[in-house]
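Engineer: Pasting in a structure now, in C-alpha coordinates, and then I'll have a few things to ask.
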Amino acid sequence: MNRLETYLIKLINAQGPITVATFMAEALGNSTHGYYMKKDPFGQDGDFTTAPEISQMFGEMVGLWQAINWMNMGRPERIHLIELGPGRGTLMQDVLRSMKSIPGMLDAIVPHMVEMSPALQKIQAENLKAYKTLTWHNRISDVLTQAKGEPILVIANEFFDALPVRQFQKAESGWHERLVCTNNIDNHERLILQLAPMPSPEQIIPSALHRADEGSIAEICTIGQNICAEIAEHIQQYSGAALFIDYGHIVHGTGDTLQAVKKHKYVDILLEPGDVDLTTHVDFQSLKETALQYGTQVYGPTDQGKFLKSLGIEARAQTLQANSSASQKEAVICALHRLTDNKEMGSLFKVMALSDTGLANIVGFEE
Ligand code: SAH
(Lines give C-alpha, C1' and ligand atoms only; values in the text may rest on other atoms or scores of the structure.)
Protein backbone atom coordinates (compact mmCIF):
# COMPACT_ATOMS: atom_id res chain seq x y z
CA MET A 1 0.00 0.00 0.00
CA ASN A 2 1.45 3.40 -0.92
CA ARG A 3 1.23 6.56 1.15
CA LEU A 4 -1.58 8.18 -0.81
CA GLU A 5 -3.71 5.04 -0.43
CA THR A 6 -3.10 5.12 3.34
CA TYR A 7 -4.02 8.82 3.41
CA LEU A 8 -7.21 8.28 1.38
CA ILE A 9 -8.31 5.37 3.56
CA LYS A 10 -7.86 7.53 6.68
CA LEU A 11 -9.69 10.43 5.03
CA ILE A 12 -12.64 8.26 3.94
CA ASN A 13 -12.88 6.52 7.33
CA ALA A 14 -12.95 9.90 9.06
CA GLN A 15 -15.19 11.86 6.70
CA GLY A 16 -17.09 9.36 4.55
CA PRO A 17 -16.90 8.21 0.92
CA ILE A 18 -15.46 10.52 -1.74
CA THR A 19 -16.56 11.04 -5.34
CA VAL A 20 -14.55 9.59 -8.23
CA ALA A 21 -13.69 13.22 -9.11
CA THR A 22 -12.18 13.82 -5.66
CA PHE A 23 -10.29 10.53 -5.95
CA MET A 24 -8.89 11.55 -9.36
CA ALA A 25 -8.01 15.04 -8.13
CA GLU A 26 -6.08 13.54 -5.18
CA ALA A 27 -4.44 10.78 -7.23
CA LEU A 28 -3.19 13.24 -9.87
CA GLY A 29 -2.86 16.49 -7.97
CA ASN A 30 -2.29 15.83 -4.24
CA SER A 31 0.42 18.33 -3.38
CA THR A 32 2.85 15.70 -2.02
CA HIS A 33 1.80 12.34 -3.42
CA GLY A 34 -0.12 13.26 -6.63
CA TYR A 35 1.00 11.57 -9.84
CA TYR A 36 1.87 14.75 -11.75
CA MET A 37 3.28 16.46 -8.67
CA LYS A 38 6.26 14.21 -8.13
CA LYS A 39 7.61 12.96 -11.42
CA ASP A 40 8.04 13.16 -15.15
CA PRO A 41 5.77 10.40 -16.45
CA PHE A 42 6.36 10.86 -20.17
CA GLY A 43 8.18 8.88 -22.83
CA GLN A 44 9.46 5.39 -23.40
CA ASP A 45 10.94 5.02 -19.91
CA GLY A 46 7.87 6.62 -18.32
CA ASP A 47 4.24 5.55 -18.32
CA PHE A 48 2.91 6.96 -21.59
CA THR A 49 3.99 8.86 -24.71
CA THR A 50 2.13 11.89 -26.07
CA ALA A 51 2.07 13.25 -29.64
CA PRO A 52 4.61 16.08 -29.12
CA GLU A 53 7.01 13.54 -27.59
CA ILE A 54 6.74 11.41 -30.76
CA SER A 55 7.87 14.08 -33.21
CA GLN A 56 8.53 17.81 -33.61
CA MET A 57 6.16 17.71 -36.61
CA PHE A 58 3.15 17.66 -34.28
CA GLY A 59 4.08 20.94 -32.57
CA GLU A 60 5.05 22.49 -35.89
CA MET A 61 1.56 21.84 -37.31
CA VAL A 62 -0.08 23.23 -34.14
CA GLY A 63 2.18 26.32 -34.35
CA LEU A 64 1.34 26.78 -38.02
CA TRP A 65 -2.40 26.53 -37.24
CA GLN A 66 -2.11 29.27 -34.61
CA ALA A 67 0.13 31.39 -36.88
CA ILE A 68 -2.52 31.29 -39.63
CA ASN A 69 -5.11 32.47 -37.08
CA TRP A 70 -2.85 35.32 -36.00
CA MET A 71 -2.41 36.42 -39.61
CA ASN A 72 -6.16 36.13 -40.26
CA MET A 73 -6.79 38.28 -37.18
CA GLY A 74 -4.81 41.04 -38.89
CA ARG A 75 -1.55 40.36 -37.01
CA PRO A 76 -2.44 41.96 -33.64
CA GLU A 77 0.62 43.52 -31.99
CA ARG A 78 0.02 41.73 -28.70
CA ILE A 79 -1.57 38.30 -28.30
CA HIS A 80 -1.44 35.75 -25.46
CA LEU A 81 -0.40 32.18 -26.36
CA ILE A 82 -1.60 29.88 -23.60
CA GLU A 83 -0.82 26.19 -23.26
CA LEU A 84 -2.85 24.11 -20.81
CA GLY A 85 -1.08 21.14 -19.18
CA PRO A 86 2.24 21.44 -21.04
CA GLY A 87 3.89 18.21 -19.76
CA ARG A 88 7.60 18.52 -20.48
CA GLY A 89 7.21 21.72 -22.49
CA THR A 90 8.04 19.97 -25.75
CA LEU A 91 4.92 21.14 -27.59
CA MET A 92 5.50 24.79 -26.60
CA GLN A 93 9.14 24.51 -27.75
CA ASP A 94 8.10 23.25 -31.19
CA VAL A 95 5.25 25.77 -31.48
CA LEU A 96 7.47 28.75 -30.63
CA ARG A 97 10.28 27.53 -32.92
CA SER A 98 7.85 27.19 -35.83
CA MET A 99 6.58 30.73 -35.20
CA LYS A 100 10.11 32.14 -35.62
CA SER A 101 9.66 31.84 -39.38
CA ILE A 102 6.58 34.12 -39.33
CA PRO A 103 7.78 37.76 -39.41
CA GLY A 104 6.63 39.70 -36.35
CA MET A 105 4.82 36.84 -34.68
CA LEU A 106 7.22 36.07 -31.83
CA ASP A 107 7.34 39.77 -30.93
CA ALA A 108 3.56 39.82 -30.63
CA ILE A 109 3.28 36.66 -28.55
CA VAL A 110 3.01 36.74 -24.75
CA PRO A 111 3.47 33.04 -23.87
CA HIS A 112 1.88 31.40 -20.79
CA MET A 113 1.90 27.93 -19.32
CA VAL A 114 -0.97 26.69 -17.15
CA GLU A 115 0.54 23.89 -15.08
CA MET A 116 -0.48 22.70 -11.62
CA SER A 117 2.63 20.61 -10.99
CA PRO A 118 5.72 22.39 -9.56
CA ALA A 119 7.84 19.39 -10.65
CA LEU A 120 6.71 19.71 -14.27
CA GLN A 121 6.94 23.53 -14.17
CA LYS A 122 10.62 23.08 -13.34
CA ILE A 123 11.23 20.73 -16.28
CA GLN A 124 9.32 23.08 -18.60
CA ALA A 125 11.35 26.08 -17.40
CA GLU A 126 14.59 24.21 -18.07
CA ASN A 127 13.49 23.16 -21.58
CA LEU A 128 12.22 26.64 -22.44
CA LYS A 129 14.85 28.81 -20.78
CA ALA A 130 15.54 30.56 -24.09
CA TYR A 131 12.11 32.24 -23.87
CA LYS A 132 12.47 34.89 -21.18
CA THR A 133 8.90 36.22 -21.37
CA LEU A 134 7.27 32.88 -20.55
CA THR A 135 5.27 32.80 -17.30
CA TRP A 136 3.59 30.01 -15.33
CA HIS A 137 0.15 29.89 -13.72
CA ASN A 138 -1.73 27.29 -11.69
CA ARG A 139 -5.09 28.12 -13.20
CA ILE A 140 -6.41 29.39 -16.54
CA SER A 141 -8.45 32.08 -14.76
CA ASP A 142 -5.20 33.77 -13.62
CA VAL A 143 -4.02 34.09 -17.24
CA LEU A 144 -7.36 35.30 -18.53
CA THR A 145 -7.42 38.05 -15.91
CA GLN A 146 -4.01 39.19 -17.14
CA ALA A 147 -5.13 38.94 -20.76
CA LYS A 148 -8.34 40.93 -20.19
CA GLY A 149 -9.15 43.04 -23.24
CA GLU A 150 -6.60 41.22 -25.44
CA PRO A 151 -6.82 38.29 -27.89
CA ILE A 152 -5.68 34.77 -26.95
CA LEU A 153 -4.51 31.62 -28.72
CA VAL A 154 -4.99 28.46 -26.62
CA ILE A 155 -3.46 25.00 -27.02
CA ALA A 156 -4.41 21.91 -25.00
CA ASN A 157 -3.05 18.48 -25.90
CA GLU A 158 -4.08 15.60 -23.63
CA PHE A 159 -5.13 18.10 -20.97
CA PHE A 160 -8.91 17.60 -20.70
CA ASP A 161 -8.49 13.80 -20.30
CA ALA A 162 -6.57 14.41 -17.05
CA LEU A 163 -9.33 16.43 -15.40
CA PRO A 164 -11.44 14.82 -12.67
CA VAL A 165 -14.84 13.37 -13.63
CA ARG A 166 -17.80 12.31 -11.51
CA GLN A 167 -19.35 8.97 -12.42
CA PHE A 168 -23.01 7.99 -12.11
CA GLN A 169 -24.60 4.59 -12.64
CA LYS A 170 -28.20 4.06 -13.72
CA ALA A 171 -30.25 1.87 -11.40
CA GLU A 172 -34.00 1.24 -11.14
CA SER A 173 -34.28 4.17 -8.73
CA GLY A 174 -32.32 6.64 -10.93
CA TRP A 175 -28.71 7.74 -11.37
CA HIS A 176 -26.53 6.92 -8.35
CA GLU A 177 -23.11 8.46 -7.94
CA ARG A 178 -20.19 6.06 -7.83
CA LEU A 179 -18.18 6.69 -4.67
CA VAL A 180 -14.81 5.54 -3.45
CA CYS A 181 -15.23 3.84 -0.07
CA THR A 182 -13.11 1.53 2.09
CA ASN A 183 -13.57 -2.15 2.82
CA ASN A 184 -11.72 -4.79 4.76
CA ILE A 185 -10.53 -7.48 2.35
CA ASP A 186 -8.43 -10.36 3.76
CA ASN A 187 -7.57 -8.27 6.82
CA HIS A 188 -6.39 -5.37 4.66
CA GLU A 189 -8.26 -2.13 4.31
CA ARG A 190 -8.74 -1.38 0.61
CA LEU A 191 -10.35 1.26 -1.56
CA ILE A 192 -13.45 0.04 -3.37
CA LEU A 193 -16.15 1.56 -5.59
CA GLN A 194 -19.75 1.61 -4.36
CA LEU A 195 -22.94 3.35 -5.44
CA ALA A 196 -24.40 6.10 -3.28
CA PRO A 197 -27.57 4.83 -1.58
CA MET A 198 -29.63 7.80 -2.78
CA PRO A 199 -30.03 8.76 -6.45
CA SER A 200 -28.69 12.13 -7.67
CA PRO A 201 -30.91 14.73 -9.38
CA GLU A 202 -31.37 13.69 -13.03
CA GLN A 203 -30.47 17.18 -14.35
CA ILE A 204 -26.79 16.39 -13.67
CA ILE A 205 -26.87 13.83 -16.50
CA PRO A 206 -27.10 15.03 -20.16
CA SER A 207 -30.71 14.56 -21.30
CA ALA A 208 -29.62 12.37 -24.24
CA LEU A 209 -28.56 9.75 -21.69
CA HIS A 210 -31.65 9.83 -19.44
CA ARG A 211 -33.12 6.76 -21.08
CA ALA A 212 -29.91 4.71 -20.95
CA ASP A 213 -30.16 1.07 -19.90
CA GLU A 214 -29.86 0.11 -16.26
CA GLY A 215 -26.23 -0.42 -15.32
CA SER A 216 -25.01 2.28 -17.74
CA ILE A 217 -22.35 4.66 -16.47
CA ALA A 218 -22.29 8.40 -17.25
CA GLU A 219 -19.25 10.61 -16.67
CA ILE A 220 -19.47 14.34 -16.02
CA CYS A 221 -16.42 16.58 -16.19
CA THR A 222 -17.59 19.86 -14.66
CA ILE A 223 -14.05 21.26 -14.36
CA GLY A 224 -13.46 20.69 -18.09
CA GLN A 225 -16.73 22.41 -18.97
CA ASN A 226 -15.86 25.36 -16.72
CA ILE A 227 -12.42 25.77 -18.30
CA CYS A 228 -13.95 25.58 -21.79
CA ALA A 229 -16.55 28.18 -20.76
CA GLU A 230 -13.90 30.62 -19.51
CA ILE A 231 -11.93 30.27 -22.75
CA ALA A 232 -15.00 30.59 -24.97
CA GLU A 233 -16.20 33.69 -23.11
CA HIS A 234 -12.79 35.38 -23.46
CA ILE A 235 -12.45 34.44 -27.13
CA GLN A 236 -15.88 35.74 -28.05
CA GLN A 237 -15.34 38.98 -26.12
CA TYR A 238 -11.73 39.82 -27.00
CA SER A 239 -11.06 37.58 -30.03
CA GLY A 240 -8.95 34.46 -30.39
CA ALA A 241 -8.86 30.75 -31.11
CA ALA A 242 -8.38 27.53 -29.14
CA LEU A 243 -7.28 24.05 -30.15
CA PHE A 244 -8.18 21.00 -28.04
CA ILE A 245 -6.62 17.65 -28.93
CA ASP A 246 -7.52 14.53 -26.98
CA TYR A 247 -9.01 11.07 -27.17
CA GLY A 248 -12.69 10.90 -26.53
CA HIS A 249 -16.15 10.65 -28.00
CA ILE A 250 -17.82 13.04 -30.41
CA VAL A 251 -21.28 12.69 -28.86
CA HIS A 252 -22.34 12.02 -25.27
CA GLY A 253 -21.97 8.35 -24.51
CA THR A 254 -22.26 5.96 -21.62
CA GLY A 255 -19.49 3.72 -20.32
CA ASP A 256 -16.77 3.66 -17.73
CA THR A 257 -13.76 5.21 -19.50
CA LEU A 258 -11.65 5.87 -16.40
CA GLN A 259 -8.37 4.08 -16.96
CA ALA A 260 -5.07 3.75 -15.15
CA VAL A 261 -1.77 3.31 -16.99
CA LYS A 262 1.67 2.45 -15.66
CA LYS A 263 4.70 1.68 -17.82
CA HIS A 264 2.52 1.65 -20.96
CA LYS A 265 0.14 -1.00 -19.48
CA TYR A 266 -3.39 -0.80 -18.07
CA VAL A 267 -3.65 -1.35 -14.31
CA ASP A 268 -6.36 -1.25 -11.60
CA ILE A 269 -7.57 2.35 -11.09
CA LEU A 270 -7.78 2.01 -7.29
CA LEU A 271 -4.41 0.40 -6.68
CA GLU A 272 -1.34 2.61 -6.26
CA PRO A 273 -3.09 6.00 -6.47
CA GLY A 274 -0.50 8.68 -7.23
CA ASP A 275 1.82 6.16 -8.88
CA VAL A 276 -0.28 5.51 -11.99
CA ASP A 277 -1.72 7.85 -14.60
CA LEU A 278 -5.50 8.25 -14.56
CA THR A 279 -7.45 9.52 -17.58
CA THR A 280 -10.94 9.43 -19.05
CA HIS A 281 -12.27 9.88 -22.57
CA VAL A 282 -13.17 13.48 -23.24
CA ASP A 283 -16.84 14.21 -23.95
CA PHE A 284 -16.35 16.61 -26.88
CA GLN A 285 -20.09 17.19 -27.19
CA SER A 286 -20.26 18.72 -23.74
CA LEU A 287 -17.26 20.98 -24.53
CA LYS A 288 -18.88 21.95 -27.83
CA GLU A 289 -22.26 22.75 -26.24
CA THR A 290 -20.51 24.77 -23.54
CA ALA A 291 -18.59 26.84 -26.11
CA LEU A 292 -21.70 27.38 -28.26
CA GLN A 293 -23.49 28.88 -25.26
CA TYR A 294 -20.96 31.74 -25.42
CA GLY A 295 -21.57 32.27 -29.12
CA THR A 296 -18.15 31.11 -30.36
CA GLN A 297 -17.70 29.16 -33.57
CA VAL A 298 -16.83 25.50 -33.01
CA TYR A 299 -14.94 23.36 -35.56
CA GLY A 300 -14.76 19.56 -35.46
CA PRO A 301 -14.09 17.37 -33.67
CA THR A 302 -12.19 15.86 -36.57
CA ASP A 303 -9.61 13.05 -36.56
CA GLN A 304 -6.05 14.02 -35.59
CA GLY A 305 -4.75 12.27 -38.73
CA LYS A 306 -7.02 14.31 -41.04
CA PHE A 307 -6.19 17.54 -39.23
CA LEU A 308 -2.42 17.05 -39.41
CA LYS A 309 -2.55 15.99 -43.07
CA SER A 310 -4.69 18.98 -43.97
CA LEU A 311 -2.02 21.24 -42.43
CA GLY A 312 0.68 19.59 -44.53
CA ILE A 313 2.40 17.16 -42.18
CA GLU A 314 3.26 14.84 -45.10
CA ALA A 315 5.11 17.59 -46.96
CA ARG A 316 6.91 18.50 -43.73
CA ALA A 317 7.94 14.84 -43.31
CA GLN A 318 9.35 14.87 -46.86
CA THR A 319 11.42 17.98 -46.10
CA LEU A 320 12.74 16.47 -42.88
CA GLN A 321 13.75 13.31 -44.74
CA ALA A 322 15.77 15.17 -47.37
CA ASN A 323 19.43 15.36 -46.39
CA SER A 324 19.02 13.00 -43.45
CA SER A 325 20.53 9.60 -42.70
CA ALA A 326 18.70 6.33 -43.38
CA SER A 327 17.89 5.88 -39.69
CA GLN A 328 16.61 9.46 -39.36
CA LYS A 329 14.44 8.93 -42.45
CA GLU A 330 13.05 5.77 -40.89
CA ALA A 331 12.28 7.68 -37.65
CA VAL A 332 10.37 10.41 -39.53
CA ILE A 333 8.30 7.85 -41.47
CA CYS A 334 7.56 5.95 -38.27
CA ALA A 335 6.51 9.13 -36.40
CA LEU A 336 4.28 10.25 -39.28
CA HIS A 337 2.60 6.84 -39.19
CA ARG A 338 2.06 6.93 -35.42
CA LEU A 339 0.59 10.43 -35.48
CA THR A 340 -1.71 10.02 -38.49
CA ASP A 341 -2.54 6.37 -39.20
CA ASN A 342 -6.03 5.23 -38.26
CA LYS A 343 -4.67 2.18 -36.47
CA GLU A 344 -2.41 4.39 -34.38
CA MET A 345 -3.32 7.87 -33.04
CA GLY A 346 -4.87 9.10 -36.32
CA SER A 347 -8.54 8.52 -35.58
CA LEU A 348 -8.46 7.71 -31.85
CA PHE A 349 -7.41 11.29 -31.14
CA LYS A 350 -9.79 14.10 -32.04
CA VAL A 351 -9.19 17.78 -32.69
CA MET A 352 -11.73 20.50 -31.89
CA ALA A 353 -11.32 24.25 -32.28
CA LEU A 354 -13.07 27.38 -31.02
CA SER A 355 -12.82 30.83 -32.53
CA ASP A 356 -14.66 34.12 -32.20
CA THR A 357 -17.29 34.76 -34.83
CA GLY A 358 -15.17 37.51 -36.38
CA LEU A 359 -12.35 35.12 -37.26
CA ALA A 360 -12.76 33.43 -40.63
CA ASN A 361 -10.80 30.80 -42.56
CA ILE A 362 -10.03 28.41 -39.72
CA VAL A 363 -7.99 25.66 -41.37
CA GLY A 364 -7.68 21.92 -40.74
CA PHE A 365 -11.34 20.96 -40.56
CA GLU A 366 -12.20 20.56 -44.26
CA GLU A 367 -14.22 17.36 -44.75
N1 SAH B 1 0.32 18.34 -23.08
C2 SAH B 1 1.41 17.49 -22.66
C3 SAH B 1 1.14 16.72 -21.36
C4 SAH B 1 -0.17 16.03 -21.16
S5 SAH B 1 -0.31 15.28 -19.56
C6 SAH B 1 1.80 16.59 -23.79
O7 SAH B 1 1.08 16.50 -24.75
O8 SAH B 1 2.87 15.96 -23.71
C9 SAH B 1 -1.34 16.38 -18.66
C10 SAH B 1 -0.70 17.68 -18.23
O11 SAH B 1 -1.69 18.48 -17.62
C12 SAH B 1 0.43 17.59 -17.22
O13 SAH B 1 1.36 18.60 -17.49
C14 SAH B 1 -0.31 17.85 -15.89
O15 SAH B 1 0.53 18.22 -14.84
C16 SAH B 1 -1.26 18.92 -16.32
N17 SAH B 1 -2.47 19.07 -15.52
C18 SAH B 1 -3.34 18.10 -15.19
N19 SAH B 1 -4.40 18.61 -14.51
C20 SAH B 1 -4.19 19.95 -14.44
C21 SAH B 1 -4.93 21.03 -13.87
N22 SAH B 1 -6.08 20.82 -13.24
N23 SAH B 1 -4.43 22.27 -13.99
C24 SAH B 1 -3.25 22.50 -14.62
N25 SAH B 1 -2.51 21.50 -15.18
C26 SAH B 1 -2.96 20.25 -15.08
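Engineer: Ranked highest first by the average count of other Cβ atoms within 10 Å around their residues, in what order do 318-329, 300-311 fall?
Structural biologist: 300-311, 318-329
Engineer: What full-extension length gain, to one decimal in nm, is calculated for D107 and V261 as 0.36 nm per residue of separation minus the Cα-Cα distance?
Structural biologist: 51.4 nm
Engineer: Modelled label-to-label distance, N127 and I185, 7 Å Cα→beta-carbon offset: nm?
Structural biologist: Distance between label points: 3.6 nm.
Engineer: Still on this structure, I have one more. Percent relative contact order of the chain, based on C-alpha pairs within less than 8 angstrom and at least six residues apart?
Structural biologist: 20 percent
Engineer: Any idea what the relative contact order of the range 81-187 is, in percent, if you count C-alpha pairs under 8 Å spaced at least 6 apart? All intermediate terms of the calculation are to be shown ahead of the outcome.
Structural biologist: Numbers: 108 pairs, mean separation 33.6, N = 107.
Reported relative contact order: 31 percent.
Engineer: To continue, here is another question. Across the range 65-76, in residue order, what do the Karplus-derived ³J(HN,Hα) couplings come to in whole Hz, using 6.51 cos²θ - 1.76 cosθ + 1.60 with θ = phi - 60° and x for Gly and Pro?
Structural biologist: 4, 6, 5, 4, 4, 4, 5, 5, 7, x, 6, x
Engineer: Ranking request for peptides 352-362, 244-254: highest mean number of other beta-carbon atoms within 10 Å first, then the rest in descending order.
Structural biologist: Going by the mean number of other Cβ atoms within 10 Å, highest first, we get 244-254, 352-362.
Engineer: For the range 11-23, what does the Karplus curve 6.51 cos²θ - 1.76 cosθ + 1.60, with θ = phi - 60°, yield as ³J(HN,Hα) per residue in whole Hz, taken in order and with x for Gly and Pro?
Structural biologist: 4, 5, 5, 7, 10, x, x, 10, 6, 4, 5, 5, 4
Engineer: Provide, as a two-decimal number, the C-alpha radius of gyration of the range 262-314 over 2.2 N^0.38 Å, N being how many residues it has.
Structural biologist: Computed over Cα atoms of the range 262-314, the ratio equals 1.71.
Engineer: Same structure, new question: Just the projected area, averaged over all directions, of the convex hull on the alpha carbon atoms of the range 113-229: how many nm²?
Structural biologist: Mean projected area of the Cα convex hull: 11.8 nm².
Engineer: Tell me, in nm to one decimal, what length is gained between N72 and I250 on full extension, where the rule is 0.36 nm per residue of separation less the Cα-Cα distance?
Structural biologist: Values: separation 178, 0.36 × 178 = 64.08 nm, distance 2.77 nm.
This chain segment gains 61.3 nm when fully extended.
Engineer: Here is a follow-up. Can you tell me how much longer the chain between I192 and A315 gets when fully stretched, taken as 0.36 nm per residue apart minus their C-alpha distance, in nm with one decimal? Walk me through the intermediate numbers first.
Structural biologist: Values: separation 123, 0.36 × 123 = 44.28 nm, distance 5.05 nm.
Gain in length upon complete extension: 39.2 nm.
Engineer: Could you work out the mean projected area of the convex hull around the alpha carbons of the chain, in square nanometres to one decimal?
Structural biologist: For the chain, averaging the hull's shadow over all directions gives 19.7 nm².
Engineer: I've got another one for you. Compute the Kirkwood hydrodynamic radius of the range 248-339, taking the inverse of the mean of 1/r over all pairs of distinct Cα atoms, and give it in Å to one decimal.
Structural biologist: By the Kirkwood definition, the hydrodynamic radius is 16.8 Å.
Engineer: Show me the three semi-axes of the equivalent ellipsoid for the range 1-157, from the C-alpha gyration tensor (sqrt of 5 times each eigenvalue), largest first, rounded to whole Å.
Structural biologist: Three semi-axes, in Å: 34, 18, 12.
Engineer: What order, most packed first, do the peptides 70-78, 267-275 have when packing is the mean number of other Cβ atoms within 10 Å of each residue?
Structural biologist: 267-275, 70-78
Engineer: Ratio of alpha-carbon Rg to the 2.2 N^0.38 Å globular estimate for the range 1-56, to two decimals, please.
Structural biologist: Compactness ratio reported: 1.44.
Engineer: Now, a different point. How much of the pair distance distribution for the range 74-158 lies past 18 Å, counting alpha-carbon pairs only, in percent?
Structural biologist: Value for the range 74-158 (Cα pairs over 18 Å): 38 percent.
Engineer: With θ taken as phi - 60° and the coefficients 6.51, -1.76 and 1.60, list the Karplus ³J(HN,Hα) couplings across the range 159-172 in order, rounded to whole Hz; mark glycine and proline as x.
Structural biologist: So the Karplus estimates, Gly and Pro as x, are 9, 5, 6, 9, 8, x, 10, 8, 10, 10, 10, 6, 10, 4 Hz.
Engineer: So what does the Cα-only Debye profile of the range 194-311 read at q = 0.15, 0.20 Å⁻¹, as log10 I(q)/I(0), no solvent term?
Structural biologist: -0.88, -1.23
Engineer: May I ask you to give the solvent-accessible area per residue for the range 294-334, in square angstrom, as obtained with a 1.4 angstrom probe?
Structural biologist: On the way: 2170 Å² over 41 residues.
Result: 53 Å² per residue.
Engineer: Pairwise over distinct Cα atoms, reciprocal of the mean inverse distance: report the Kirkwood radius of the range 299-364 in Å, one decimal place.
Structural biologist: About 13.0 Å for the range 299-364.
Engineer: Can you tell me which lysines have their Cα less than 23 Å from the Cα of K38? Leave out same-chain residues fewer than eight positions away.
Structural biologist: Those lysines meeting the cut-off are K10, K122, K129, K262, K263, K265.
Engineer: Something else now. Give me Rg over Rh for the range 81-127, both radii from the alpha carbons and Rh done the Kirkwood way, two decimal places.
Structural biologist: 1.00
Engineer: What do you get when you divide the Cα radius of gyration of the range 168-226 by 2.2 N^0.38 Å, with N the number of residues?
Structural biologist: Rg over 2.2 N^0.38 Å, computed on Cα atoms: 1.33.
The values are calculated or read from the model by the stated rules, or taken from the named source; none is laboratory data. The model shown is predicted, which means the values in this text are computed figures rather than measured ones. In this analysis, Cβ positions are derived from the backbone assuming ideal geometry, glycine residues included, and neighbour counts consider all displayed protein chains. Remember, those area values only see protein heavy atoms, side chains included, never the ligands or the DNA or RNA. Shrake-Rupley method; radii C 1.70, N 1.55, O 1.52, S 1.80 Å.
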